[in-house]
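Just below is one structure, and these are the notes that go with it.
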Amino acid sequence: MSHIQDYAKLLDDAAHFAHEVEQFDTDNRLSLDDAYAIQAASLARRAGRGETRVGVKMGFTSRAKMIQMGLSDVIWGRLTSGMQVEEGTSIDFKRYVHPRVEPEIAFILKQPLEGNVTGPQALAAVEAIAPAIEIIDSRYKDFKFTLPEVIADNASSSGFVIGAWHDPHVDFSNLGLAMTINGRTVQVGSTAALLGHPLRSLVAAARLSAAAGEPLQAGWIVMAGGATPAEYIQPGQYVSVEMESLGRVGFHV
C-alpha cells in the first residue's frame, strides 16, 4: 500500500508546485484499480488543504481515442473547488506544467445520480447545461504517460471554466462549437463527438463514480469530456469557446 501513497504524494506535489515528474510505470504493470487508488489518495491530499469536492470529469470520451488507447470504457477524474476558474478571469500560467485546453459541455445536477441509469434518468437529474473549457495538464515529463499513469494523475484534470447555465431540455446532442485563441479559430467540432451524445458521458459518470463509492451528488458538476483535440496555451492569450445555442465561455492566460 505504501507505493500508492508514495505515488499520490509525487503527483500531488507535482500539481501543487507545478513541476514535471518522470514516468513511473512505463512497462504498464500498474493495475487500473491501483491507478484509481493513487488518484483518490492524491485528491485526499487536496482535501487536506481545504479543497472541497465539486464533481467529476470524464476522459477519453471519443471512440477514436478509446480505440487508440486500447480501452473498452472511458476514464474519469475528480473535480475540486481549487480547480474552478471563474469565467472571464485570468489564470496564472506558472501554476501549470504544460497546460492545454479542450472545449466541453458541462452538467450541473439537481439531485443525486447513482449507478446504472438510463439516458432519460440521467437527464431528469440535470439542473442545467453550459459551455465549458477544461484545462488539462499532465504532470509527466513531455506529456507522455501510460494509461494507468494518466488515471493516477487525475486523468490530467487541472482546471475548468464554465459559461452561463441553460435549460437542459434544449437538444444538445449535436451542437456545433469553435474554440479560438486570441480570436483565431484553432478547433471546430460538435458535442456529438462525446460518445455520440453527451448524455452517454453523464450515464458513464454515474456508473463509474458509484462503483468507486462516490456517487454523483446534487450540486456536482460533470465535465463531459473533450469535444475536439486539445490545444496548448501560452501567457498573453485569451481562450474562448463558442457553442451553438449555449453561447460563449472564455478566460485569459
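Worth a mention:
Conditions (1) over 22 Å from T61 (Cα atoms); (2) at pLDDT 95 or above; (3) of a type in the set (S, T, N, Q), marked per residue:
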{"site": "D167", "(1), (2), (3)": "yes, yes, no"}
{"site": "T191", "(1), (2), (3)": "no, yes, yes"}
{"site": "P198", "(1), (2), (3)": "no, yes, no"}
{"site": "V203", "(1), (2), (3)": "no, yes, no"}
{"site": "Y238", "(1), (2), (3)": "yes, yes, no"}
{"site": "V249", "(1), (2), (3)": "no, yes, no"}
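- Candidate set: the stretch 30-50, residues that are in contact (Cβ under 8 Å) with a residue 40 or more places away in the chain and surrounded by fewer than 18 Cβ atoms within 10 Å (Cβ to Cβ); chosen: the one farthest from the chain's Cα centre (by Cα): S31
- Within the stretch 170-187, considering residues that are of a type in the set (V, I, T) and either over 21 Å from I129 (Cα atoms) or touching a strand residue (DSSP E or B) at 6+ places or on another chain (Cβ under 7 Å) (or both), the one surrounded by the fewest Cβ atoms within 10 Å (Cβ to Cβ): T185
- When A230 is tested against (1) farther than 16 Å from F107 by Cβ; (2) modelled with pLDDT of 95 or more; (3) of a type in the set (A, V, I, L, M), exactly one condition is not met: (2).
- Within the stretch 230-244, the residues that satisfy the criterion of being surrounded by fewer than 15 Cβ atoms within 10 Å (Cβ to Cβ) and in contact (Cβ under 8 Å) with a residue 60 or more places away in the chain are Y232, Q234, P235.
- When residues of the stretch 1-29 are limited to those that are more than 19 Å from I75 (Cα to Cα), out of contact with any strand residue (DSSP E or B) (no Cβ under 9 Å at 6 or more places or on another chain) and of a type in the set (G, A, S), the one surrounded by the fewest Cβ atoms within 10 Å (Cβ to Cβ): S2
- For the stretch 205-220, a tally of residues being aliphatic (A, V, I, L, M) and either surrounded by fewer than 20 Cβ atoms within 10 Å (Cβ to Cβ) or modelled with pLDDT under 95 (or both) returns 5.
- Selection within the stretch 197-213 - outside any helix (DSSP H, G or I) and in contact (Cβ under 8 Å) with a residue 12 or more places away in the chain: H197, A212
- Some residue of the stretch 178-192 being under 17 Å from the mean Cα position of the chain (by Cα), of a type outside the set (F, W, Y) and part of a loop (DSSP other than H, G, I, E, B): no
The values are calculated or read from the model by the stated rules, or taken from the named source; none is laboratory data. Remember, it's a predicted structure, so these values are computed and weren't measured experimentally. As a convention, Cβ positions derive from the backbone with ideal geometry for all residues, glycine included, and neighbour counts pool all protein chains shown.
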